[in-house]
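Heads up: the structure comes next, in structure tokens.
The values are calculated or read from the model by the stated rules, or taken from the named source; none is laboratory data. Every value quoted in this text rests on a predicted model; they were computed, and no experiment measured them. All Cβ positions, glycine included, derive from the backbone under ideal geometry; neighbour counts span all protein chains shown. All accessible areas refer to the heavy atoms of the entire protein, side chains included, with ligands and DNA or RNA removed. Shrake-Rupley method; radii C 1.70, N 1.55, O 1.52, S 1.80 Å.
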Amino acid sequence: MRRTLLRTLRHSACVALALASLAPLHAADFPTKPITLVVPFPAGGGPDQVARVIAEKLAPRLGRPVVVENRQGASGTMGAAHVFRAPADGHTLLLTPSTFSLAPLVLQKGVVPYDVRRDFVPVIQPTTSWLVLAAHPSTQVRSLAQLKQFATTHANTTYTGSGAGSTMHVAGEMLKHELKVDMTFVPHRGTAPALADTIGGHIQFIIAGYQDLAPHFKAGALLPVALLDDTPHPTDASVVPVARQGYSSYSVRSWTGIFAPSATAPDIVNRLNAEIDAVLHMPEVRGRLEDNGLQQVVGGKPGRLTATVEHDLKVFTPFVRGAGIVAN
């Protein structure tokens, strides 16, 4: 009986240890190791810059290093898939731009191994930024009314804005639908070559982030046509919102969001949210991120990011499928 009892106790102890190892990590124990912020695009871009500013100030608050890791490829889905497959313990997070909600819609079926709603939990929305439609000076177009007239009288009107299936591409196709005009999209491998071709006069119009276009407005190399938003820019009145040009139902913004694997414990998500939100509201962080109106700090509770993703899915899904837009 004694041997049987000992065997039973040993078995019970092993089971207890196994269950303990499977128990979810909670905020009282978190973090237990360095935090990895996965950015699914190359170093140096906008999302990478946001991640590095946050990481620098978040590390001392959590008492652990915060490492930014760039895992680019497949319109950002390779980095997102890495986080999707990571342990749901809060130590591996995704910091992604708004292509997160768009990429699964424009890529071929089966390429994306996750569902943006089911497989990730929103942590916080660090920033939002403005998309702007700009024109080459030779067009003399400075408003949507002038663009409509130009596109109606010029058979081969062209526009660009990064690659096929990008947020800029979808925003442009939606704008064509609103204006009831025809323009041909010319894809590029990134904003830099798209800008070069537009400034060089090879393409007539471009949709890009305000931060990419603002220096060229000041230099006179490009003309602002419309801010693709329903509210004014906080510092630049020369970019007039589409809503003030007669198209109040149209609005497309770019944003960054931080996500964790969906099984991450709610108290860890809340801890991360509170700490990152505190970082975002540091005056020096806000100053570095906003940098004279290049983007806007958002922060707030996870639900704010949830609402942003839901808005994009509601707007983009029927339009992308109806128009047959695919990534290159």
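The set of residues from segment 271-289 being in contact with a Lys or Arg (Cβ under 9 Å, 6 or more places away or on another chain) and either among the small types (Gly, Ala, Ser) or open to solvent by 70 Å² or more (accessible area, probe 1.4 Å) (or both) comprises Ala278, Glu284. Test of understanding: among Thr99, Thr167, Thr160, which residue is β-branched (Val, Ile, Thr) and at pLDDT 95 or above? Every option except Thr160 fails the conditions. For segment 179-195, the set of residues classified as more than 23 Å from Gly73 (Cβ to Cβ) and open to solvent by 60 Å² or more (accessible area, probe 1.4 Å) consists of Lys180, Asp182, Thr184, listed by residue number.
Residues of segment 150-161 include at least one that is closer than 27 Å to Pro241 by Cβ and among the aliphatic types (A, V, I, L, M). The residue that is modelled with the highest pLDDT, counting only those in segment 198-214 that are touching a Ser or Thr at 6+ places or on another chain (Cβ under 9 Å) and open to solvent by 50 Å² or more (accessible area, probe 1.4 Å), is His202.
Per-residue answers, yes or no, for (1) in contact (Cβ under 8 Å) with a residue 24 or more places away in the chain; (2) of a type in the set (A, V, I, L, M, F, W, C); (3) open to solvent by less than 20 Å² (accessible area, probe 1.4 Å):
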| position | (1), (2), (3) |
| --- | --- |
| Ala103 | yes, yes, yes |
| Ala145 | yes, yes, no |
| Lys148 | yes, no, no |
| Thr160 | yes, no, yes |
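Counting the residues of segment 292-328 that are within 22 Å of Val111 (Cβ to Cβ) and in a loop (DSSP other than H, G, I, E, B) gives 5.
Among the helices (runs of 4 or more DSSP H) confined to segment 24-114, the ones with at least 2 residues that are over 29 Å from Val326 (Cβ atoms) are located at 46-62. Evaluated against (1) among the small types (Gly, Ala, Ser); (2) closer than 18 Å to Arg244 by Cβ; (3) modelled with pLDDT under 95, Ala226 falls short on exactly one condition, (3).
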